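Heads up: the structure comes next, in structure tokens.
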Amino acid sequence: MDTELDLTTASRDTLLAIIAEQRATIALLQQRVASLEARLNIRGTPGMPGNKPASTRPAPRKAERKRRPHGFARVRMAPTQRVEHAVEVCPDCGSHLSGGWVQRTREVIEVPVALA
């Protein structure tokens, strides 16, 4: 087929010849696909070459971890001081803020500096 052909101005006979050529190409491609599918099915395994069949045995279950009688973390002491970091007034509109809840607590351990 001529790549420079303008299909909007081509004659009816030229357009019919192009359609016939395309149909012949499609028929050849369909035959090729059918022959490849036949070759694939001769092997007796479905799917693409290289695919492994699914295992018929179920996968072994992963053993659960051993449960300990209790945790071995350091026990927290009672807090000696409470610091609130919340603002009392909104920085944008200036309205009074109240309420809320404790988001997170932690114990701060201060280690004295050893002078040598």
Legend entry - Condition broken by residue 45, with the remaining ones in (1) surrounded by 10 or more Cβ atoms within 10 Å (Cβ to Cβ); (2) at pLDDT 85 or above; (3) assigned to a loop (DSSP other than H, G, I, E, B); (4) among the β-branched types (Val, Ile, Thr) satisfied: (2)
Legend entry - Count - residues of the stretch 90-116 that are touching a strand residue (DSSP E or B) at 6+ places or on another chain (Cβ under 9 Å) and surrounded by 10 or more Cβ atoms within 10 Å (Cβ to Cβ): 2
Legend entry - Options 64, 84, 107: the member that is in a loop (DSSP other than H, G, I, E, B) and under 37 Å from the mean Cα position of the chain (by Cα): 64
Legend entry - Count of residues meeting criterion [at pLDDT 90 or above and under 45 Å from the mean Cα position of the chain (by Cα)] in the stretch 1-20: 1
Inset, instruction - List every residue pair whose Cβ atoms sit under 8 Å apart, with the two residues 6 or more apart in sequence or on different chains, where the first one lies in the stretch 74-91 and is free of Cβ contacts under 8 Å to residues at least 12 places away in the same chain and the second, anywhere, is surrounded by 10 or more Cβ atoms within 10 Å (Cβ to Cβ). - result: 87/97; 88/97; 89/97; 90/97
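The values are calculated or read from the model by the stated rules, or taken from the named source; none is laboratory data. What you are looking at is a predicted structure, and each value in this text was computed from that prediction instead of being measured. Reconstructed Cβ throughout: ideal geometry from the backbone, glycine too, with neighbour counts over all protein chains shown.
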